[in-house]
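> Can you keep this structure in mind? I'll have questions shortly.
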Amino acid sequence: MTDSSGSTDDRSTDDRSTDDGSAVGRAIDHGSPAGRSATRRLQVETHGLDVIGDAERKGTPRTLFWPWFGANVSVLGLSYGAFVLGFGISFRQALVAGVIGIVFSFLLCGFVAVAGKRGSAPTMVLSRAAYGVRGNRLPSVVSWVLTVGWETVLCALATLATATVFGRLGWGGGTETQVIALVVVAGLTVVGGVMGFDLIMRLQTVITVVTGVLTVVYVALVADHIHWSTVSALPAGSAQDFIGALVFMVTGFGLGWVNAAADYSRYLPRTSSSRGVVGWTTFGASVAPLLLLVFGLLLAGSSTKLNAAVAADPIGALTTILPTWFLVPFAVVAVLGLVGGAVLDIYSSGLALLSAGLRIPRPLAALVDGVLMIAGSVYIVFFADDFLGQFMGFLTTLGVPIAAWCGILLADLLLRRRDYDENDLYRPSGRYGDVPPVPLILTVLATALGWGLVTNSAASWLDWQGYLLGPFGLGGTSGAWAYANLGVLAALAVGFLGTLIFGRGRVRAQEDAV
């Protein structure tokens with residue numbers, strides 16, 4: 001098995017939990033927001049890839065609401081209104097695409113979260129049942145890159161938003177302000193990731209309350225900037241434009257979280273309701289983005305100037321319609337909301353790095369990812385010219401292999417009738433195997449198909465994509481289907497259906513093994 005440092009030994013499942021008193025699993029307790037953990041001394045979580053022991057698994061599925069809501073209540077959700085209208089569709093089309101994309105994508109997270117309570121291990125360890133112990137390193141690397149990318153984007157946006165607010169207040173919004181803001185935001189994120197689950201649960205509860213209240217105030221203050229006559233007059237786009245917007249919402253929300261969805265449900269008792277796990281994960285993650293998206297669509301649809309400004313500074317642009325007295329509270333809500341998402345990302349990226357084969361303690365893995373996050377944020381804040389184009393290219397490109405992985409994992413989970421054998425998740429010689437070829441071949445084929453059906457013209461380094469649009473009769477990279485990003489949906493379907501067809505016998509053999 002793998003302990004908190006990522007090394008391998010043959011201890012039993014019961015020996016995998018740490019005995020140093022951290023007991024991070026107790027952070028979820030009896031349905032309270034922070035699991036009544038405030039009465040305990042805060043310590044660094046020593047759990048890494050190890051299984052959470054039954055003694056530490058407490059709480060109910062509804063406690064999953066807090067980390068998922070806190071991670072997705074960011075005012076960045078308002079900016080998605082401008083992002084999705086950028087596909088050239090009407091308000092009604094954008095609303096339908098947003099609702100379906102958000103709910104469907106977080107429903108995928110809910111299903112993956114079920115694996116956590118059935119297996120007690122991090123998401124990218126549970127994935128070994130489908131990919132094999134060492135074969136799973138391929139999706140682990142992709143998962144690591146995706147989560148590091150997301151935490152970098154969120155850190156950079158928080159930095160840019162702070163600088164914009166300070167500039168409007170006349171306190172200086174230049175390089176010095178950006179440097180200070182980056183240090184503060186990165187510091188909060190790295191500390192949360194290094195400390196681990198217990199601090200994250202407490203932090204997410206605070207973020208939920210503060211950002212929720214201040215976001216409501218923001219909505220009330222800028223409501224008079226909405227002009228329904230302008231919004232309702234937006235022309236409708238084509239079916240291809242609508243699908244492109246839908247896929248963008250899928251990749252921008254739940255599909256960016258599926259690879260971490262079981263990292264928190266693994267602390268729940270095995271007897272927890274699977275329906276409850278799915279429901280509370282989906283509800284907690286979806287409710288804030290849905291409300292923010294609707295208001296963001298109304299704001300962006302009412303002003304072409306605001307719509308264009310969001311592309312350059314997604315959070316800072318939202319301050320241009322605020323009264324000066326609310327700028328500081330807005331900066332607080334913006335930074336906290338983005339940090340809430342970044343903290344969950346850096347925690348899960350550290351776990352993914354360990355699952356990829358790096359043998360270091362979990363806190364050190366989070367610290368390594370923090371250094372990379374800071375380097376990436378420096379590039380975005382100080383050197384990158386086009387945020388939105390690069391952001392969309394990043395989401396779509398990594399969304400394809402993650403969609404393939406998600407399809408394979410969900411089909412594998414659907415085929416299983418028993419809980420995971422936790423010992424064999426750590427043994428290449430166990431029932432799950434070492435490097436089984438079928439899931440790896442499916443992943444490569446689904447990814448190759450997916451990349452051939454997506455395009456990212458705004459990111460020049462991705463102009464090689466879309467190579468199947470012409471051969472498949474979809475008009476090539478300049479045709480009507482070029483920006484529908486069908487490749488993400490295709491990769492998800494190929495991974496799911498391929499595993500149902502070719503993986504059934506393998507799963508049956510695993511569950512019949514003694």
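> How many residues, within segment 422-439, are assigned to a loop (DSSP other than H, G, I, E, B) and either aromatic (F, W, Y) or without any contact (Cβ under 8 Å) to a residue 60 or more places away in the chain (or both)?
Summing the residues that are assigned to a loop (DSSP other than H, G, I, E, B) and either aromatic (F, W, Y) or without any contact (Cβ under 8 Å) to a residue 60 or more places away in the chain (or both) in segment 422-439 gives 2.
> Can you tell me which condition H30 does not meet? The list is (1) modelled with pLDDT of 80 or more; (2) open to solvent by 10 Å² or more (accessible area, probe 1.4 Å); (3) not small (G, A, S), and all the others hold.
Evaluating H30 over (1) modelled with pLDDT of 80 or more; (2) open to solvent by 10 Å² or more (accessible area, probe 1.4 Å); (3) not small (G, A, S) leaves (1) as the failure.
> Okay, next question. For the list (1) under 19 Å from T123 (Cβ atoms); (2) modelled with pLDDT under 95; (3) not in a helix (DSSP H, G or I), I need the number of the one condition that A384 fails.
Status for A384: all satisfied but (1).
> Inspect all residues belonging to segment 497-513 and state whether any of them is part of a loop (DSSP other than H, G, I, E, B) and not hydroxyl-bearing (S, T, Y).
yes
> Related question: Output the residues belonging to segment 85-115 that are touching a Ser or Thr at 6+ places or on another chain (Cβ under 6 Å) and farther than 24 Å from L344 by Cα.
Residues satisfying the conditions do not exist here.
> OK, next. Please go through segment 200-222 and give me each residue that is open to solvent by 40 Å² or more (accessible area, probe 1.4 Å) and farther than 15 Å from F330 by Cβ, ordered by number.
R202, L203, V206, V209
> Separate question: Pairs, please: C-beta under 8 Å, at least 6 apart or cross-chain, first residue over 30 Å from P122 (Cα atoms) and in segment 230-257, second among the polar types (S, T, N, Q) and assigned to a helix (DSSP H, G or I)?
Every condition considered, the pairs that remain are T230/S302; V231/S302; A236/Q93; G237/Q93; D241/Q93; F242/Q93; A245/Q93.
> Those residues that are touching a residue at least 60 places away in the same chain (Cβ under 8 Å) and out of contact with any helix residue (DSSP H, G or I) (no Cβ under 7 Å at 6 or more places or on another chain), I need them from segment 258-274; list them, please.
P269
> Kindly list the number of the only condition in (1) under 29 Å from T324 (Cβ atoms); (2) open to solvent by 40 Å² or more (accessible area, probe 1.4 Å); (3) in a helix (DSSP H, G or I) that fails for W171.
Result: W171 passes all but (3).
> Follow-up. Of the residues that sit in segment 39-84 and are among the acidic types (D, E) and farther than 16 Å from I200 by Cβ, which one is most open to solvent (accessible area, probe 1.4 Å)? Even if it seems obvious, please write down each step before you answer.
Here is the first cut: in segment 39-84, the residues among the acidic types (D, E) are 45, 50, 54, 56.
This time we only want the ones that are farther than 16 Å from I200 by Cβ, so: 50, 54.
Details: D50: 1, D54: 99 Å².
Within segment 39-84, the match that is most open to solvent (accessible area, probe 1.4 Å) is D54.
> Could you run through segment 440-475 and say how many residues are surrounded by fewer than 17 Cβ atoms within 10 Å (Cβ to Cβ) and either modelled with pLDDT under 95 or part of a loop (DSSP other than H, G, I, E, B) (or both)?
Going through segment 440-475 one residue at a time, the tally reaches 12.
> Looking at (1) closer than 18 Å to F248 by Cβ; (2) surrounded by fewer than 22 Cβ atoms within 10 Å (Cβ to Cβ), which is the one condition that is false for Y483?
With respect to (1) closer than 18 Å to F248 by Cβ; (2) surrounded by fewer than 22 Cβ atoms within 10 Å (Cβ to Cβ), Y483 is out only on (2).
The values are calculated or read from the model by the stated rules, or taken from the named source; none is laboratory data. Keep in mind it's a predicted model, so treat the numbers as computed, not measured. When we count neighbours, we look across all protein chains shown, and the Cβ atoms used for this are built from the backbone with ideal geometry, even at glycine. Please note that ligands, DNA and RNA were not included when accessible areas were found on the heavy atoms of the full protein model with its side chains. Shrake-Rupley method; radii C 1.70, N 1.55, O 1.52, S 1.80 Å.
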